[in-house]
Structures are given as structure tokens and as C-alpha cells.
Amino acid sequence: MENQLVLYKRLNIYQKERFPILANGLMITAFTFSAISYSRICRGVDGFIGLKDFLIGVLTTFTLFVLVRIFDEFKDKEEDAKFRSYLPVPRGLVKLSELKTLGWILVLFQLSVLIIFQSKMLLLWILVLAYLLLMSKEFFIADWLKENQIPYILSHMIIIPLIDLYSSGLDWLLGSDNFHAGVVWFMAVSFFNGIVLEFGRKIRAPKAEEDGVLSYTKLYGTKKAVILWICLLMITASLAIGAMLYANYGTLAIIILVIFLMVCSVPGVLFIKNTTIKNSKYIEYSSGIWTALMYLSLGAIPMIKNFLV
């Protein structure tokens, strides 16, 4: 029935279910703003980049994440058809051919914009797309990766720091400067933030487990999965502290970060004590809040503070 709807209406339903534009748009804007801000603070450069370059950067970064979503639909099509028939593609809401066309439109749009306005960014853009293509082919070792979940997660999560590298390039590369160590710190934080999000959304209550669908509670057991999630929060926090020290942030920023860490860990403890669907959702929400706060505290808030001083 839904297939009778015009394409834009079906795509609207698709985005609500698989890639909410508003929520992801806000997160990606904060991500891009923070990456640029942190890079500028590390370089000791006053002010922010031009509004045009920032808006183009946000648009390109956002559409890169849309491409990641589209590529995942192709990568997971067999498992989704077998075990997750309720998802938009298996149930026939949108066709893979339609998503493929959309993907090509986005790629051509990105390429055109970069050639016209930000040609210096082309090499970083090509790097991100090349890695995304490798991901779509499961690095030509699909069977091995599916049998080894940790290498699978790590190999796929690299796309996030690569997009972060692109975003930070809106500062140092467009500013005709060299790549600097601050970008490495931010990329490391981004990498582990991505893993925190991945674990957080796949820690599930026993009643929410699905046949053929990976969850870390199913893979490791409830207690171990939650402990691993909390450990990932701690690793990310440690890297963020390193990034703050590199950028010469004050002690107060580190103290606030440690408080964030303790508060965001609470849902994990609650879930171990009471493995309800509601408590598992709190872990997912906490992962998202943690990620947002991390990016804001590393780049956005210090930059805004500089504007106000």
C-alpha cells in the first residue's frame, strides 16, 4: 500500500525511521562545528571560518552520513530481508534502486559543490568515499568479518574519524595550514564515540532480542556487555582529557567531563539491576547524550566562550 505513495512521501517515511533529518542534522552540525573549532583552538587561530565554507561543510558532512546509511542498506540487504522484514527496504517502502539513484545524486552534488567552492577539500572527500566503498564490499573479507565481530566493528567505525578528518580540514586545509596533532586527538575521540553509540544501541533487554539480529547482550551477556560499554565511556573520556590538555583547556573542563562520565554511566548500572526494555533505552539515550556533550565540550563550547569573551 505504501508503495503507491509518491517517492518523496516514501522517502520522508524512510528518513523518519532510518535517518531522522532533524536529529541527525543537529548532531552533525555540532560535530562539524566542534571539529573546526577544536582545530582552530589547537592552531591558536582567532575567530571562526567563513559562514559560506561552514555551511558547505555541514551540507557535505551531512550528505556523507546519508551515504553511509544508504551503503549500509545495500550491505545488510540479505540479513534485513531474512530477519528484519519490518524495515523500510524489506517491506517494500523504498527500493534499493531508488536509494542507489539518491546516492548518485548526492555524490554528484558533493563533487560539483567542492569543485566550484572548495576544491582543496577534494582529496579528503575522495579518501572518505574510497573507504566507504571498501566498507560496502566488507573489505573483500565479508565471511571472516561476520565471524569476528570486534574487527568488524572497528573496521566500520573508522569511517567516523575519517569524516571528522574531512570536517577539521575545513579549518586547517582551507586555511592553507598543515595537518596537526590536535586532529589526531579529535579523531581518536570520534572513533570511540562511534563505538559507544554502537554498543549503546545494541544492548537489549531479553524480551527485545531478535533472531539473527546482533546485540552485545546476546554476544557477551548482560553484565559483561554493560561493563564493556562503561569501559568504552572511560576510554573516550580519557582520550577527551588528552585532547583537552593538548588544547590547553583548564582544569574545570576536565572536572565537568568526569561528572558527565559518572552521570552517563548510571543507566548501565540500572540496567544490570533491572534488565527492562525501558532501562536498555536509557543506555541508548545516554550514549547519544554523551556523544553530543563530548563534541560540545571539546570544540563548540570553548569556541562560543571565546566569542563571548
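The values are calculated or read from the model by the stated rules, or taken from the named source; none is laboratory data. This is a predicted model, so every value here is computed, not measured. Because the Cβ atoms are built from the backbone with ideal geometry, glycine has one as well, and the counts that use them run over all protein chains shown.
Some points to look at:
Conditions tested, residue by residue: (1) among the charged types (D, E, K, R); (2) touching an Asp or Glu at 6+ places or on another chain (Cβ under 8 Å); (3) assigned by TED's automatic domain parsing to the domain that holds Ala225; (4) more than 20 Å from Ser238 (Cβ to Cβ).
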{"residue": "His156", "(1), (2), (3), (4)": "no, no, no, yes"}
{"residue": "Pro161", "(1), (2), (3), (4)": "no, no, no, no"}
{"residue": "Tyr166", "(1), (2), (3), (4)": "no, no, no, yes"}
{"residue": "Trp185", "(1), (2), (3), (4)": "no, no, yes, no"}
{"residue": "Phe192", "(1), (2), (3), (4)": "no, no, yes, no"}
{"residue": "Val196", "(1), (2), (3), (4)": "no, no, yes, no"}
{"residue": "Phe199", "(1), (2), (3), (4)": "no, no, yes, no"}
{"residue": "Ile203", "(1), (2), (3), (4)": "no, yes, yes, yes"}
{"residue": "Glu210", "(1), (2), (3), (4)": "yes, no, yes, yes"}
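- Test result for Val94, within 22 Å of the chain's Cα centre (by Cα) and crowded, with 17+ Cβ neighbours inside 10 Å: no
- Exactly one residue out of Asp46, Asp76 is surrounded by fewer than 16 Cβ atoms within 10 Å (Cβ to Cβ) and under 19 Å from Gly182 (Cα atoms), and it is Asp46.
- Only residues that are under 22 Å from Gly194 (Cβ atoms) and either of a type outside the set (Gly, Ala, Ser) or more than 21 Å from the chain's Cα centre (by Cα) (or both) were counted across region 222-244, and they come to 15.
- Pairs with Cβ under 9 Å, 6+ apart, first in region 115-132 and basic (Lys, Arg), second part of a helix (DSSP H, G or I): Lys120/Leu114; Lys120/Gly169
- Looking only at residues of region 53-97 that are at pLDDT below 95 and either of a type in the set (Asp, Glu) or not assigned by TED's automatic domain parsing to the domain that holds Ser37 (or both), we find that the one that is nearest to Ala30 (Cα to Cα) is Asp72.
- Scanning region 208-229 for residues that are aliphatic (A, V, I, L, M), surrounded by fewer than 21 Cβ atoms within 10 Å (Cβ to Cβ) and in a helix (DSSP H, G or I) returns Ala208, Leu219, Ile227, Leu228.
- Cβ-Cβ distances below 8 Å connect no pair with a first residue in region 249-276 that is not assigned by TED's automatic domain parsing to the domain that holds Asn306 and assigned to a helix (DSSP H, G or I), a second residue that is among the small types (Gly, Ala, Ser) and surrounded by fewer than 16 Cβ atoms within 10 Å (Cβ to Cβ), and a separation of six or more residues or different chains.
- All positions within region 74-121 that are small (Gly, Ala, Ser) and in a helix (DSSP H, G or I): Ala81, Ser97, Gly103, Ser112, Ser119
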